[in-house]
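Taken together, the values in this text are just the output of simple stated rules run on the coordinates, not laboratory data. This one's a predicted model, so the numbers in the text were calculated from it and none came from an experiment. As a convention, Cβ positions derive from the backbone with ideal geometry for all residues, glycine included, and neighbour counts pool all protein chains shown.
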Amino acid sequence: MSLSTSTPATYELLVSLLAKCPKSIEILPGDGALWIHSEDSSDEATFAPFLFLSNNLGIPQKVLHQAYIHAVGVFKEVRKLSTRPSQEIQGKDNPAAVQILIGSSSVLILANPSHQTALNARKLLVKKKLIDPRTELCFIASLLSSQHCAKHAELWYHRRWLLSYEAHETWPPARLPAGVGETRRDLLFASQTDLQQELGLLSHACEVYPRNYFAWTHRLSCVRSLLSNHLTNPSKDPNFVVILRREIDGIKRWIEHHVSDYSAVHYILTLSRDVLQCKSLFLEEVIDKEGMLAHAIALVREYPGHEALWLYARIAPLIFGTREGEQIEQFVESFVRPLASQNSTTSAWDDVANQLESSEYAGLYLSRRAKIDNPSK
Amino acid sequence: MGHQDALDREEMIGFVMSCWDDEAGGFGAHPDHDAHILATLSAIQVLVTQDALDMLDVDRVVKFILSLQQPSGVFAGDSFGEVDTRFLYIAVNALSLLGRLSELDVEKAVAYIRQCQNFDGGYGATAGAESHAAQVFVCVAALAILDRLDVVDQETLCWWLSERQLPSGGLNGRPEKLEDVCYSFWVLSSLSILNKITWIDSEKLTAFILSAQDLETGGIADRPGDMVDVFHTHFGVAGLSLLGYPGLVDLDPVYCMPASIIEAKGLKRKWKALPRRSE
């Protein structure tokens, strides 16, 4: 079916589906011929060669490729008409040209999420108030639901720009915490629901693309902004401590289910360090109660073949160590030393192909620790 | 590889100049694309390699780059302001190649890199971001150009870098990721700048890179059996050069350009690769 549909018509259909802000987007192998039958008169056939069910969009890879090539030409032509930064903005853009620009850039970004120029064109349209930032956030959320897009730095950059832009547009300057600006890129969430939605989006992006570097970095930006907001005005948001506890608990559970995801480990350790550096006894207590060193040790005992967990156990003492010396000693003597002295070929845990053996991780832990404790050696 | 005439010089320079964004004063990735600091460095590197810097409006490019430094010391990629230590390295590298490093606020740039250091000794894309071998390269190489390697926790960082080597001999960029040929450059360049290239098993790494080569087309893939591409071919060859592989010219790990060009410009920093083998 897809082969008989003309490229411009397919392209237009894709543009209209992307404009619906799909709940999820998935790139499917092939050209869609496997599931599309020309005699089919159901609703599903209306959207052929795409699958569009309950606002979930499936796009055959070959069809996307054809639509992309078409979009390149459309984008190039329409861009000559409007949106160059130096051009006069409000009211002078031809509405039809704006719609073509929005449509073609949406296909370019879906196919090539690092297409900086297409993303810039949309930022300019937001600045010109020709795209509502909320609609754009929704479009980017649709893209980030797809494994193909979820890891791309440029999409997360674009999202952060939108959140920061929206904060500056909606919040009067007096309500912005000190230090908020173009470079600080603090993100402000108007409501708890907005924040929870952002964290939900992030969790999904980290699930579809494991160790998702830019998603975890974005998560840290979000929670750091809350922290700095709280420090500027502690009485304003009494829920902060509840959110912080829920966040740390949630990520601890995440690590338990994703034992090779060091990005999550780095996130929780960095967030804890940030909170401890605030020198607030109250916040310190929140972190202490989470018992992260014990968490790291328990996980290493359970899954000693995972480098991410050994690093968790290696780095946690650098953050919480002075208060937890006894616990570390007990771990080293009862578990790490015996494991390190095992012959790796007889190890009971060498289940991870392509990775160092758990006894080697134990050996590394001991040698690194010896250096940290006795830097002169 | 000693075949600098394999591509037509005039055509290459012509393409680079067709990517000039006159409104911004920088280069885009392709004709009609917006200027970005990433493509701007690539353009400068190509022009330097082809000895064609006279084509460039150096003052305008320097102005474009300097306009992107933020109050924290880091650089943005373009006027929209997203920051990354990659952009900082690019600014330092480009200004250095153009002989205009003296116009940079070095203290602020170094201060930002210091903020990016993690407990494992590595560096990330922004302050607080996870250590990543490619981000380690950009931070270490920028510090090398600025002659400020004293701020690096060298031993902790080199442990972390050496732990990137997997039993296959290949290197990964972060814990528990798959090995990938491109990290041969990101990791080796940092180790080479810090004079610790012997901390990884060079024979096993050489064998891994060679095993990712497609012997029919000649290119190198991310790992054995995958489709080859220019990106991995470039970084595979760069890694082999640092490993002393026979028949290759020396690569400067700080600038990722032929060492002779950097030396001729008087920009060589201290670094140590493995000695070139004769066969």
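A few notes on this one:
- Enclosing the Cα atoms of the range B:153-278 in their convex hull gives a volume equal to 105 cubic angstrom per residue.
- Between B:S67, B:A39, B:G14, the Cα set farthest toward the positive side of the dipole of the range B:1-82 (charges on each charged residue's Cβ, about the Cα centre) is that of B:S67.
- For the range B:153-278, lysine pairs separated by 8 or more sequence positions, or belonging to different chains, with Cα-Cα distances below 24 Å total 7.
- Across the range A:100-116, coupling constants 3J(HN,Hα) worked out from phi with the 6.51/-1.76/1.60 Karplus curve, θ = phi - 60°, read 5, 5, 5, x, 5, 5, 5, 6, 4, 5, 4, 6, 9, x, 9, 6, 4 Hz, and Gly and Pro carry x.
- Qualifying GluC sites (Glu not before Pro) in the range B:168-242, where qualification requires a DSSP coil assignment and no more than 11 other C-beta atoms within 10 Å, comprise B:E216.
- Karplus-derived 3J(HN,Hα), 6.51/-1.76/1.60, for each residue of the range A:256-266, Hz, glycine and proline x: 4, 9, 9, 6, 9, 9, 5, 4, 5, 5, 4
- Free-standing Cys, the protein assembly as shown [no other Cys Cβ under 4.7 Å]: A:C149, A:C206, A:C222, A:C278, B:C19, B:C116, B:C139, B:C158, B:C182, B:C256
- Loop-located trypsin sites (Lys or Arg not before Pro) across the range A:204-247 with a Cβ neighbour count of 15 or fewer within 10 Å are A:K236, with loop assigned by DSSP.
- Proximal lysines to A:K23, defined as alpha-carbon separation beneath 19 angstrom and excluding residues fewer than eight positions away on the same chain: A:K151
- Integer Hz, Karplus 6.51/-1.76/1.60 couplings in order for the range A:121-129, x for Gly and Pro: 4, 6, 4, 5, 5, 5, 5, 7, 6
- Cα-based reach from A:K76 at 18 Å (exclusive), listing aspartates and glutamates while leaving out same-chain residues under 8 positions away: A:E12, A:D93, B:D21, B:D22, B:E23, B:D32, B:D34
- P(r) of the protein assembly as shown over all Cα-Cα pairs, binned every 20 Å from zero, in whole percent: 17, 50, 31, 2
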